[in-house]
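Structure first, commentary second.
The values are calculated or read from the model by the stated rules, or taken from the named source; none is laboratory data. The shown structure was predicted, so the numbers you read here are calculated from the model rather than taken from an experiment. Because the Cβ atoms are built from the backbone with ideal geometry, glycine has one as well, and the counts that use them run over all protein chains shown.
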Amino acid sequence: MAVKNRQWAAWAAWVLGGILAFANSQVLGQSMSLTHCFGECPRYESQLAAERAKVVVHHLYVAGLNGDSGLADWSAYRLTAEAIGVASLLPRAWRPDRLVQFSPLQDLLLTDDAELSLAEISTNNSNPYAGSGVTESVPDARARLAPMTSFANTPYWSDLNNLSNMVPMPADLRRGVWLQLEQRLNRAASRHGELYVIAGPLFLISNLSPFSAEQNQTPAAYYKVVAHSSGVAAFVFPAQLGQNATVCDYQATLADVEGMAGLFLLPDRSVTRSDWLLAELGCS
């Protein structure tokens, strides 16, 4: 019996290994079509970056985690009217992403420094972004790439507290144009149905050296690309924008964002700028 059990265990391990190898080959090839994405999900331009990255898929979002920093290079999600809700009372404590367990990236996301930072995160529920940033005494806050308000009316909202959904972001930007755009997207989805969003950080060329905690690297800018059957709207927000900046002043082209991010964001689609979508977002 013991021999038979070992045989079954060996067979199961072989099958599981084959499944994981297949899944890994799909990730490296970056040919993934999920409900979170507008067609095919983003691809890395660099094969090396793709091989080092890890893609995690949750109920509400899918993210490509950078192999050096462990943070998301991109996060894609689908907005629907039914999912949008009031998030002011939802708990916002960051937590490790269980899908990153047994991955080399877990050490990057779960360093002692990261644990210390998590303990400093605000839990003030009066702020619509409470818990997405550190206390006021710390200059750089944290934000959710897939926002809580867009999914507060789903049973899976706690997914958004995963560290794989976190990006370092200055408080003025987080409370300013980043929040403005999220609110406008929610209104547009409420009126017209689903929208697809891809968001992530952008780094200066000089910041592309291998990540280390000592370097304290932070993004130089942040992008958000919105896709709809009518076309796309793209935005790039410099990190040091003041809280009174206006969303529409920071429009970009899809090609510009892809070039800065090193990604093919909509790899299987030929899309153009959507004047209708921009108008819906308040940018005529």
Open item on the list: With of a type in the set (A, V, I, L, M) and either buried (at least 20 other Cβ atoms within 10 Å of the Cβ) or more than 22 Å from the chain's Cα centre (by Cα) (or both) as the only criterion, which of VAL232, VAL271 stands out?
Closed with: VAL232
- [ ] Find the helices (runs of 4 or more DSSP H) located wholly in the range 1-111 whose residues include 1 or more that are modelled with pLDDT of 70 or more and within 26 Å of PRO168 (Cβ to Cβ), and list them.
- [x] 47-52
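Which one is surrounded by the most Cβ atoms within 10 Å (Cβ to Cβ), of the residues in the range 235-245 that are within 9 Å of GLY176 (Cβ to Cβ) and touching a helix residue (DSSP H, G or I) at 6+ places or on another chain (Cβ under 7 Å)?
Once the filter is applied, the top-ranked residue is PHE237.
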Task: Residue among GLN183, GLN240, GLN217 that alone is at pLDDT 95 or above and of a type outside the set (A, V, I, L, M, F, W, C) - done: GLN183
